[in-house]
Amino acid sequence: MTVPPLPHPIPGHRPRRTPPGAPPGTLVVDPAAAAPTIALIAYGPEALTEEQDIAIADIDGLRETHPVLWLDISGLGDVRTLRDIGEKFGLHSLALEDVLNVNQRPKIDEYDDHLFIVCRMPHNESALETEQVSFFLGKDFVITMQERPGDCFEPVRNRLRTKRGRIRAGGADYLIYALLDAVTDAFFPVLESIGEQIGIMEEEIIGDPMPEDVHRIHALKRDLLTVRRAVWPQREMLSAMIRDESLLIQEQTKLYLRDCFDHTFQLIDLIETYREIVSDLTDIFLSAQSTRMNEVMKVLTVIATIFMPLTLISGIYGMNFSPEASPWNMPELHAAYGYP
């Protein structure tokens, strides 16, 4: 029996590409996915090399001459490219399968010689969306795989280029912290924008509630739910990175990860506060509508009260006219067909 698709897809939901019963590690790309582009930054305390649209065959030489290699892949539309990178860096096939199934929740998986991390990054376009970003952390490399071009990593790139902070002196684990921190902090502007919308909408609803305000309230609820689904599991993922023992993450780096973990708590507090306020907006809207309805009913009641005696009088005396008493009375009272 074939299950028909939903007439209106759930916002944020994406179908799983791997067919049911497929062998583990099967790679299936979305036909609409963008073609991959590969950017590379290889660096150490003294030197940095940055390349755009680099060929996979040219990676080995840079990996040998620089302590840390960051490979950034934007677009997941080519299976061959992902397989070649997986073979070159020894990435597990199950992790590569999860890269292409972009409906993953934030998580961390540990393999023999690398860690696989998934988180969600916000995109504030016509409607708030999040995209999956996959990280591979090895001893001397970090690989990021994004669904499409455009990310929040430019501040990290600038710190590498200008040698600001300790990022150039740190290892691959410090780079993964910097990237995760950038993804976490990218949610703060999103929530600030939502907070401004809530404040404006609250004033408008109290002053002059309109029917379209209901749709705006539901849009805010949907945006907050999107952020909540991204941030809550990310807190668990960061907690696992701090708590679990791994040779790939140094204890000094875990101190910085704790700070990133604290940022997720701040995000969660904001999310829950805004969700309560948005829920109250619905009550405020209904109360304002009820108050407006009461005012209308009050006016109608006054008008009805004024006309009730007149209606009573006209009902009793209005038709009791006789043309015999006066020529100005209603002559139609004795006509065979009345007014017709």
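Observations, loosely collected:
- Rolling a 1.4 Å probe over the protein heavy atoms gives the chain an accessible area of 56 Å² per residue.
- Choice from P106, P24, P67 showing the highest fluctuation, given a GNM over the chain with Cα pairs closer than 10 Å: P24
- Based on the Stokes-Einstein relation at 37 °C and a viscosity of 0.692 mPa s, and on the Kirkwood radius from alpha carbon pairs, the range 208-251 is assigned a translational diffusion coefficient of 245 µm²/s.
- Calculated Rg and Dmax of the Cα atoms in Å (choose from (i) 20.2, 56; (ii) 33.2, 122; (iii) 19.9, 62), label: (ii)
- Comparing L191, L94, L128 in a Gaussian network model of the chain where C-alpha atoms under 10 Å apart are linked, the largest mean-square fluctuation is found at L94.
- Cα-only Debye scattering, the range 113-185: base-10 log of I(q)/I(0) at q = 0.20 Å⁻¹: -0.88
- Under the combined filter of DSSP loop state and at most 11 neighbouring Cβ atoms within 10 Å, the range 28-135 retains none of its chymotrypsin sites (Phe, Trp or Tyr not before Pro).
- Sequence ranges 160-170, 176-186, ranked by mean other-Cβ count within 10 angstrom, highest first: 176-186, 160-170
- Relative to the Cα centre, the charge distribution of the chain, modelled as +1 at Lys and Arg Cβ and -1 at Asp and Glu Cβ, gives a dipole magnitude of about 280 debye.
- Computed about the Cα centre, the dipole magnitude for the range 102-188 is approximately 520 debye when only Lys and Arg (+1) and Asp and Glu (-1) carry charge, each at its Cβ.
- Residue with peak Gaussian network fluctuation, the chain [Cα springs, cutoff 10 Å], from I249, I284, I117: I284
- Residues whose amide H falls under 5 Å from that of L27, counting only those 5 or more places apart or on a different chain, are absent, with hydrogens built in the peptide plane.
- Largest to smallest principal axis extent of the C-alpha atoms in the range 38-193, angstrom: 43, 36, 28
- Surface share of carbon and sulfur [accessible, 1.4 angstrom probe, percent] for the chain: 57
- Distance distribution note for the range 179-261: the fraction of Cα pairs above 16 angstrom is 62%.
- Database remark: amide H of F141 closer than 5 angstrom to the amide H of L69 (H placed geometrically; neighbours at sequence offset of 5 or more, or on other chains; Pro and chain starts carry no H).
- Angle between the chain longest axis and helix 251-317 axis [Cα atoms, degrees, rounded to 10]: 10
The values are calculated or read from the model by the stated rules, or taken from the named source; none is laboratory data. What you see is a predicted model, and the numbers here were worked out from it, not measured in a lab. Glycine gets a Cβ as well: all are built from the backbone with ideal geometry, and neighbour counts include every protein chain shown. Ligands, DNA and RNA are excluded from the accessible area calculation, which covers all protein heavy atoms including side chains. Shrake-Rupley method; radii C 1.70, N 1.55, O 1.52, S 1.80 Å.
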